[in-house]
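Step one of this worksheet: look at the structure below.
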Amino acid sequence: MAKKDLETQIKKKNKIDDGFICLPDPEDAFTWYYIIFGLEMKEYEGGFYMGKIVCPPEYPSKAPKICPITDNGRFHTW
């Protein structure tokens with residue numbers, strides 16, 4: 001469904017308007033990857049910030065782990 005939404009946005013407007021893409025790992029439904037872009041804040045403008053969301057088997061009773069992948073100088077990726 002997410003892939004179809006992205007394709008529709010690109011087809012209609014030649015770009016993605018949402019400012020983010022978030023899709024599941026095709027081999028693990030508990031792991032999702034995201035890219036955030038189009039931020040208007042001066043420090044982040046023009047950047048692409050990638051990360052991973054890992055949901056534990058107890059989700060939604062237990063919160064997911066959010067892991068930034070792109071080092072942006074503000075968040076550490078360890």
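Give the number of residues within segment 40-55 that are hydrophobic (A, V, I, L, M, F, W, C) and over 13 Å from the mean Cα position of the chain (by Cα).
Adding up the residues that qualify gives 2.
Can you tell me which condition M50 does not meet? The list is (1) at pLDDT 80 or above; (2) touching a helix residue (DSSP H, G or I) at 6+ places or on another chain (Cβ under 8 Å); (3) aliphatic (A, V, I, L, M), and all the others hold.
Exception for M50: condition (2).
Just to be sure I understand the filter: pairs with C-beta atoms under 9 Å, separated by 6 or more residues or on different chains, first member in segment 49-72 and in contact (Cβ under 8 Å) with a residue 12 or more places away in the chain and over 11 Å from I35 (Cα atoms), second member in a loop (DSSP other than H, G, I, E, B) and basic (K, R). Which pairs pass?
Qualifying pairs under 9 Å: C55/K62; P56/K62.
Among the numbered criteria (1) exposed (fewer than 11 other Cβ atoms within 10 Å of the Cβ); (2) at pLDDT 75 or above; (3) of a type in the set (A, V, I, L, M), which one does M1 miss?
(2)
Can you report the number of residues in segment 52-62 which are under 13 Å from T31 (Cα atoms) and in a loop (DSSP other than H, G, I, E, B)?
The qualifying residues number 4.
The values are calculated or read from the model by the stated rules, or taken from the named source; none is laboratory data. None of these values were measured; they are calculated from a predicted model. Glycine gets a Cβ as well: all are built from the backbone with ideal geometry, and neighbour counts include every protein chain shown.
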